[in-house]
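Structure first, then comments.
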Amino acid sequence: MPVRRLDPVLVDRIAAGEVVERPASAVKELVENAIDAGARAIDVTLEAGGRRLIRVVDDGGGMAPDDLALAVERHATSKLPDGDLTRIGTLGFRGEALPSIGAVSRLTITTRAAGAEAGASILVEAGRKHPVRPVAAGPGTRIEVTDLFAATPARLKFLKSDRAEAGAVAEVLRRLAVAHPAIRFTLQGDHLTNLTLPAETPDEAGLRRRLSRVLGADFAPNAVALEAAREGFGLTGLVGLPTFHRGSAAHIHFVVNGRPVRDRLLLGAVRGAYSDTMAGDRHPVLALTIACDPRLVDVNVHPAKTEVRFRDPGLVRALLVSAIRDAIQAAGHRAATTGGARTLEALRPGTGAVRPGYEAPHAPRPSPALRGWQAPLDQAPFEAAPFDHAILERPGFGEGAQAAFEPFTPSADARAHMSAPEPEAVAAPLGAARAQVHGTYIVSQTGDGIVIVDMHAAHERLVYERLKAERAGRGVARQPLLIPEIVELDDGSAEILAEAAERLAEVGLVVEGFGPGAVAVREVPAALAGGDLRALVRDVADALVEGDGAAAVEARLDAILSRMACHGSVRAGRQMRPQEMDALLRQMEATPLSGQCNHGRPTYVELKLADIERLFGRR
């Protein structure tokens with residue numbers, strides 16, 4: 001068949017397939033144009049999820065009539081003054097958005113340049129351009145897109161429901177709002193909750209306010225500031241604590257030179273930075289901005305400009321990983337404030353904490369003669385009535401978990417009125433240990449509440465951080481065994497351990513082959529002395545098998561240390577003396593990342609006294 005030129009309208013519709021995939025794509029292009037025009041306020045309105053109407057109004061610089069006529073032509077743009085594609089300093093630059101949108105819809109642009117006496121308007125219907133005409137208009141630009149994809153009905157079949165399309169538009173606007181906190185954004189329409197994001201000051205406090213509106217009010221108190229620079233790249237933003245996480249990566253925001261991006265390199269770097277502080281199926285919450293010379297990053301690798309390519313990706317990854325790790329380590333023992341809220345929610349009636357069928361006894365009304373009476377402070381407390389063990393037979397008290405009601409000897413004095421805690425300990429962030437319950441949890445008293453600590457999870461993190469510090473220093477301290485421990489394994493695991501023996505010695509575990517399917521353990525890390533060596537060796541062998549053998553030891557040393565730490569921590573069920581519990585709390589306060597265990601679970605939750613009082617109806 002002979003080669004021929006395509007019709008210009010058809011060319012525009014083909015281009016629209018790359019640039020305008022759905023209403024959210026059109027909104028993204030229009031809002032980015034408004035930002036490039038210097039707008040300080042941008043209002044977006046939708047109807048039918050954007051299919052029936054998209055209206056974007058801004059207070060930017062506007063356009064002159066001649067510029068307006070060119071703006072709807074393909075490859076016409078004001079954003080490449082020197083034609084250098086290696087120095088792109090704006091969000092839009094291809095000159096494809098407006099003609100592509102006009103090719104698949106009815107596009108009306110009304111604009112007025114600063115200082116102009118009148119505005120100008122142009123209409124584009126399914127690729128057919130009408131002449132520019134003068135109109136009365138305020139400063140800025142108003143763009144209306146109606147009947148999106150009316151010229152390409154097949155495209156409508158691939159759109160989702162109006163609610164889903166409106167939600168996609170809201171997500172695009174939120175990401176642009178994170179990148180530009182100094183601009184006011186509003187979004188309204190059907191099938192969505194109206195969004196209003198006022199302009200914020202260009203500082204950390206303003207960024208915190210903007211992110212709290214976008215990511216939720218809980219983000220700011222659970223985030224730490226980050227600022228780093230390396231070889232022409234600057235990194236700033238806020239990163240969430242490891243215990244403040246979500247089930248998807250939708251709450252991770254990256255901004256590169258003012259452009260919101262979704263990049264696999266950056267996502268991988270974030271996962272690496274949180275690798276030993278967060279469970280594999282959870283994702284952090286953060287917003288980071290990367291600033292660099294435009295020549296160091298290529299933003300022209302995707303038609304929708306949502307991906308970028310760095311000239312030195314290894315440098316960017318190393319900067320991200322080190323900066324995030326330093327930031328969350330600087331947070332010390334802090335854990336997410338939402339832990340206490342989740343605990344209280346679990347305790348409230350009707351949330352599943354109480355078994356169905358159990359009715360809480362009603363408190364007896366006090367006698368009128370006793371109302372307002374209060375025992376003198378120096379008077380000894382009255383003798384409690386004998387405990388009726390028949391209550392254990394009532395519905396809701398039949399499980400073994402209720403063993404706490406049985407007589408037991410606490411390992412710390414749980415009777416607060418018998419021995420007052422030291423004021424210095426109460427003033428400490430994690431308070432003074434008051435009791436150990438179920439052989440697993442430490443209850444401590446703070447100045448304004450209580451703290452519940454999972455002692456095994458906390459000690460596991462402490463041991464892990466100690467092992468990492470020793471390895472980074474002069475090497476992990478080792479303790480020889482008087483009699484070598486022989487551990488039987490399958491042949492494959494035994495061979496892998498023997499091959500990795502030299503590298504395992506660097507982390508304090510000295511093993512050697514002992515015939516087919518067995519190894520002899522001669523030295524162990526001093527921090528793990530007294531632990532279950534057989535279980536430890538089997539766990540290390542599993543880690544090596546998962547990491548593709550001995551060759552992966554260098555890359556998996558921290559993972560191996562993490563598994564070792566699990567075997568060297570205090571086990572659930574061990575009764576601890578009050579001095580031991582207080583020592584554990586003080587060590588947690590001095591150890592970075594002690595707010596979560598090696599598997600990403602929180603090591604403690606804090607309940608404020610005011611919250612507890614509300615739980616019991618005192619507030």
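Looking at the stretch 265-288, which of its residues are of a type outside the set (Gly, Ala, Ser), outside any helix (DSSP H, G or I) and either under 10 Å from the mean Cα position of the chain (by Cα) or modelled with pLDDT under 95 (or both)? If you could, list the steps in order and put the result at the bottom.
Here is the first cut: in the stretch 265-288, the ones of a type outside the set (Gly, Ala, Ser) are 265-267, 270-271, 274, 276-278, 281-286, 288.
When the remaining residues are screened for being outside any helix (DSSP H, G or I), the result is 274, 276-278, 281-286, 288.
Once the filter is applied, which keeps residues that are of a type outside the set (Gly, Ala, Ser), outside any helix (DSSP H, G or I) and either under 10 Å from the mean Cα position of the chain (by Cα) or modelled with pLDDT under 95 (or both), the stretch 265-288 yields Tyr274, Asp276, Thr277, Met278, Asp281, Arg282, His283, Pro284, Val285, Leu286.
From the list Arg466, Arg434, Arg471, Arg461, which residue is surrounded by 15 or more Cβ atoms within 10 Å (Cβ to Cβ) and in a strand (DSSP E or B)? Give the steps one after another, and end with the answer.
Working: Arg466 fails: in a strand (DSSP E or B); Arg471 fails: in a strand (DSSP E or B); Arg461 fails: in a strand (DSSP E or B).
Among Arg466, Arg434, Arg471, Arg461, only Arg434 is surrounded by 15 or more Cβ atoms within 10 Å (Cβ to Cβ) and in a strand (DSSP E or B).
What is the number of the single condition among (1) closer than 23 Å to Asp59 by Cβ; (2) among the aliphatic types (A, V, I, L, M); (3) more than 15 Å from the chain's Cα centre (by Cα) that Val261 does not meet? Of (1) closer than 23 Å to Asp59 by Cβ; (2) among the aliphatic types (A, V, I, L, M); (3) more than 15 Å from the chain's Cα centre (by Cα), only one is false for Val261: (1).
For the stretch 158-170, the condition of being out of contact with any strand residue (DSSP E or B) (no Cβ under 7 Å at 6 or more places or on another chain), crowded, with 16+ Cβ neighbours inside 10 Å and more than 23 Å from Glu32 (Cβ to Cβ) holds for at least one residue. Among the residues making up the stretch 292-315, those that are touching a helix residue (DSSP H, G or I) at 6+ places or on another chain (Cβ under 7 Å) and either hydrophobic (A, V, I, L, M, F, W, C) or assigned to a loop (DSSP other than H, G, I, E, B) (or both) are Pro303, Ala304, Phe310, Arg311.
Quick grid of which residues meet (1) modelled with pLDDT under 80; (2) within 30 Å of Thr446 (Cβ to Cβ):
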residue: Glu512; (1), (2): no, no
residue: Gly531; (1), (2): yes, no
residue: Val545; (1), (2): yes, no
residue: Asp548; (1), (2): yes, no
residue: Asp558; (1), (2): yes, no
residue: Arg563; (1), (2): yes, no
residue: Ala610; (1), (2): no, yes
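Taking the condition crowded, with 19+ Cβ neighbours inside 10 Å and either among the charged types (D, E, K, R) or part of a helix (DSSP H, G or I) (or both), does Ala327 pass?
On the way: crowded, with 19+ Cβ neighbours inside 10 Å: yes; either among the charged types (D, E, K, R) or part of a helix (DSSP H, G or I) (or both): yes.
It is true that Ala327 is crowded, with 19+ Cβ neighbours inside 10 Å and either among the charged types (D, E, K, R) or part of a helix (DSSP H, G or I) (or both).
Rundown of residues vs (1) in contact with a helix residue (DSSP H, G or I) (Cβ under 6 Å, 6 or more places away or on another chain); (2) in a helix (DSSP H, G or I); (3) surrounded by fewer than 21 Cβ atoms within 10 Å (Cβ to Cβ), yes/no style:
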{"residue": "Ala182", "(1), (2), (3)": "no, no, yes"}
{"residue": "Leu187", "(1), (2), (3)": "yes, no, no"}
{"residue": "Thr193", "(1), (2), (3)": "no, no, yes"}
{"residue": "Thr201", "(1), (2), (3)": "no, no, yes"}
{"residue": "Ala205", "(1), (2), (3)": "no, yes, yes"}
{"residue": "Leu211", "(1), (2), (3)": "no, yes, no"}
{"residue": "Ala229", "(1), (2), (3)": "no, no, yes"}
{"residue": "Thr236", "(1), (2), (3)": "no, no, yes"}
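For the residues Thr236, Thr186, Thr146, the requirement of being within 24 Å of Glu307 (Cβ to Cβ), among the hydroxyl-bearing types (Ser, Thr, Tyr) and touching a residue at least 40 places away in the same chain (Cβ under 8 Å) singles out Thr236. Modelled with pLDDT under 95, among the charged types (D, E, K, R) and under 30 Å from Asn257 (Cα atoms) - does that describe any residue in the stretch 214-224? Taking every residue of the stretch 214-224 in turn, at least one turns out to be modelled with pLDDT under 95, among the charged types (D, E, K, R) and under 30 Å from Asn257 (Cα atoms). For the stretch 101-128, taking the residues that are closer than 17 Å to Met63 by Cα and charged (D, E, K, R), the one that is nearest to the chain's Cα centre (by Cα) is identified as Arg112.
Conditions tested, residue by residue: (1) at pLDDT 85 or above; (2) closer than 14 Å to Met564 by Cα.
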{"residue": "Ala428", "(1), (2)": "yes, no"}
{"residue": "Ile442", "(1), (2)": "yes, no"}
{"residue": "Gly473", "(1), (2)": "no, no"}
{"residue": "Ile486", "(1), (2)": "yes, no"}
{"residue": "Gly492", "(1), (2)": "no, no"}
{"residue": "Leu509", "(1), (2)": "yes, yes"}
{"residue": "Val524", "(1), (2)": "yes, yes"}
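For beta carbons closer than 8 Å, sequence separation of 6+ or different chains, a first residue in the stretch 321-334 that is closer than 24 Å to His459 by Cα and a second that is of a type in the set (Val, Ile, Thr) and in a loop (DSSP other than H, G, I, E, B), the qualifying pairs are Ile328/Thr277; Gly332/Thr591; His333/Thr591. Using the structure shown, decide if Val308 is among the β-branched types (Val, Ile, Thr), over 19 Å from Leu238 (Cβ atoms) and surrounded by fewer than 17 Cβ atoms within 10 Å (Cβ to Cβ). Considered against the rule, which asks whether it is among the β-branched types (Val, Ile, Thr), over 19 Å from Leu238 (Cβ atoms) and surrounded by fewer than 17 Cβ atoms within 10 Å (Cβ to Cβ), Val308 comes out as no.
Condition check ((1) outside the structural domain of Thr236 (by TED's automatic domain parsing); (2) acidic (Asp, Glu); (3) touching a residue at least 60 places away in the same chain (Cβ under 8 Å); (4) within 30 Å of Ala249 (Cα to Cα)) across all residues:
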position: Ala120; (1), (2), (3), (4): yes, no, no, no
position: Ala126; (1), (2), (3), (4): yes, no, yes, no
position: Pro139; (1), (2), (3), (4): yes, no, yes, no
position: Ala164; (1), (2), (3), (4): yes, no, yes, yes
position: Val169; (1), (2), (3), (4): yes, no, yes, yes
position: Arg175; (1), (2), (3), (4): yes, no, yes, yes
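Taking the stretch 461-505 as the range and being touching an Asp or Glu at 6+ places or on another chain (Cβ under 9 Å) and of a type in the set (D, E, K, R) as the test, the residues that pass are Lys468, Arg471, Arg478, Arg503.
So which residues in the stretch 482-493 are more than 11 Å from Leu533 (Cα to Cα) and touching a strand residue (DSSP E or B) at 6+ places or on another chain (Cβ under 7 Å)?
Just the residues of the stretch 482-493 that are more than 11 Å from Leu533 (Cα to Cα), to begin with: 482-483, 488-493.
Glu488, Leu489 - these are the residues of the stretch 482-493 that are more than 11 Å from Leu533 (Cα to Cα) and touching a strand residue (DSSP E or B) at 6+ places or on another chain (Cβ under 7 Å).
Across the stretch 40-55, the qualifying residues are those that are crowded, with 22+ Cβ neighbours inside 10 Å and in contact with a Ser or Thr (Cβ under 8 Å, 6 or more places away or on another chain), and the one among them that is nearest to Pro198 (Cα to Cα) is Ile42.
Here the stretch 85-120 is the region considered, the condition is being surrounded by fewer than 21 Cβ atoms within 10 Å (Cβ to Cβ), of a type outside the set (Val, Ile, Thr) and farther than 17 Å from Ala34 by Cβ, and the residue that is modelled with the highest pLDDT is Arg106. Within the stretch 121-146, being farther than 20 Å from Ala39 by Cβ and surrounded by fewer than 17 Cβ atoms within 10 Å (Cβ to Cβ) holds for Arg128, Lys129, His130, Pro131, Arg133, Pro134, Ala136, Thr146. Among the numbered conditions (1) under 18 Å from Thr338 (Cβ atoms); (2) of a type in the set (A, V, I, L, M); (3) over 19 Å from the mean Cα position of the chain (by Cα), the only one that Leu238 does not meet is (3).
The values are calculated or read from the model by the stated rules, or taken from the named source; none is laboratory data. All values reported here derive from a predicted model rather than from experimental measurement. All Cβ positions, even for glycine, are placed from backbone atoms using ideal geometry, and neighbour counts span all protein chains on display.
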